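Structure first, then comments.
Every read-out reported here was derived from the displayed coordinates using simple, explicitly stated rules and does not represent laboratory data. What you see is a predicted model; the values in this text were computed from it and never measured. Cβ coordinates were reconstructed from backbone atoms using ideal geometry, including for glycine residues, and neighbour counts include every protein chain displayed.
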């Protein structure tokens, strides 16, 4: 491994890592939003929307991100929907992640015993009060480990962004390998930067999971 | 009705070629799954041992494999090891290696989770009732572990199939590559082919994964 080469490549990978983190954060934020909406729609069993959400969750969870991106980036322009690579990447991540996040929220909501809701009502809490003070705190504490696992999963999935010509870490590594045949240095930096991005989130996940006291009652 | 580029699929053997590409992806993932299930069981059992060296080693392996994107692992094996060790790997073999390594880690974690989820009272009570160790394993531990494990391992298969779409990036001719070829070849005659062909690929992936994940969900619900 050549230190000089490492030093000259470092800024390139830094820029690329910035792009990965930024698009990842945007995509994850949107995914949380989509997931929340889907979970809410299914929780209240709003007709029609509920079925649409269920279909969407099955589709997004059972197709790979790479295929979704190819369809959005190369397929959709043929019917007049044109997007920039960045929007395409974020949209793809939100589409994929929305389904996973919805399932995480749902598992949290389902974990709350119906006795809790009934007791809240019998104590005179309104529907909104019961949701805000009784159901959500318990549901969120149950679903947080799953949400963090999804965040890691989605950050890892950003590695396919190079397929829609976004200059992320994978793209940079492949480019440098192809141009200068500097395989060792490129791969070293690639692993290093992914570790820098993913390890903190992964450690946070382990820490939260260990010290999260489930807000469940009586268990 | 605009031209959606679906007619390309019925030209010549295009659709059969697409299915051939899907088969390549399925073959890689089935091969990797059948390697990683036994190895993962071994890893999971090793991880529950109280041996510090073993725990540190397996933990390191597990964390590294699980925190790295599978694309990075593919690059490390396909571009890295071939350079460092001077051997020759084609794309398909590299992907089988990577997915087996990854599947072993995932499976190992599942097995470990299933094993430690059985409370100690169960084995202790069985021992108190005079059962021998093999009997305890056969009648108490295994049935509970398997019930927890089977739906999760089936789920691993769908994750494996979805991940095989990445092998396009190291030059394996699978469904996505075949569809690129089809679209390129018909650029003049049907310029909109990209929409129809990629939509078909999307649906084919869904049709390959959906039944398997439904099965896993049903089993999980029935056995929980």
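Worth a mention:
- Principal-axis analysis of the Cα atoms of chain A puts helix A:3-43 at an angle of about 20° to the longest axis.
- Relative to the longest principal axis of the Cα atoms of chain B, helix B:193-223 runs at roughly 20 degrees.
- Acute angle (nearest 10 degrees) that the helix A:183-211 long axis makes with the longest principal axis of chain A, alpha-carbon atoms: 20
- Gap separating the Cα centres of the range A:185-211 and the range B:71-98, nearest whole Å: 22
- Summarising the label geometry, the points placed 7 Å from Cα in the beta-carbon direction at residue A:79 and residue B:139 lie 6.0 nm from one another.
- Peptide B:206-214 is shielded by partner chain Cβ atoms: per residue, an average of 3 of them sit within 10 Å of its Cβ.
- Counts of other chain beta carbons within 10 angstrom of each beta carbon in peptide A:179-191 average 3.
- Normalising the average separation of contacting C-alpha pairs (under 8 angstrom, six or more residues apart) by the number of residues puts the relative contact order of chain B at 34 percent.
- A simple spin-label model places the labels of residue A:131 and residue B:207 4.0 nm from each other, with each point 7 Å out along Cα-to-Cβ.
- Legend: Rg and Dmax of the protein assembly as shown, from Cα coordinates, 23.7, 78 Å.
- Values of log10 I(q)/I(0), in the order q = 0.09, 0.10, 0.16 Å⁻¹, for chain B under a Debye, Cα-only, solvent-free model: -0.50, -0.59, -1.11
- The residue B:132 and residue A:165 beta-carbon pair, evaluated with R₀ = 56 Å, returns a calculated FRET efficiency of approximately 0.35.
- Taken as Cα centroids, the range A:101-151 and the range B:1-55 sit 36 Å apart, rounded to the nearest whole angstrom.
- From the alpha carbon centroid of the range A:1-37 to that of the range A:57-95 is 19 Å.
- Calculated mean residue ellipticity at 222 nm for the protein assembly as shown: -24500 deg cm²/dmol, from DSSP H runs with n ≥ 4 weighted as -39500 (n - 2.57), summed, divided by the residue count and rounded to 500.
- Compared with the alpha-carbon gap, the fully stretched path from residue B:177 to residue B:23 is longer by 54.2 nm at 0.36 nm per residue.
- One equal scatterer on each Cα of chain A, no solvent, Debye formula: the resulting log10 I(q)/I(0) at q = 0.08, 0.11 Å⁻¹ is -0.38, -0.66.
- On the beta carbon distance between residue A:140 and residue B:121, with R0 = 51 Å, the FRET formula returns roughly 0.95.
- When you count the other C-beta atoms within 10 angstrom of each residue and take the mean per peptide, B:13-20, A:167-174 line up highest first as A:167-174, B:13-20.
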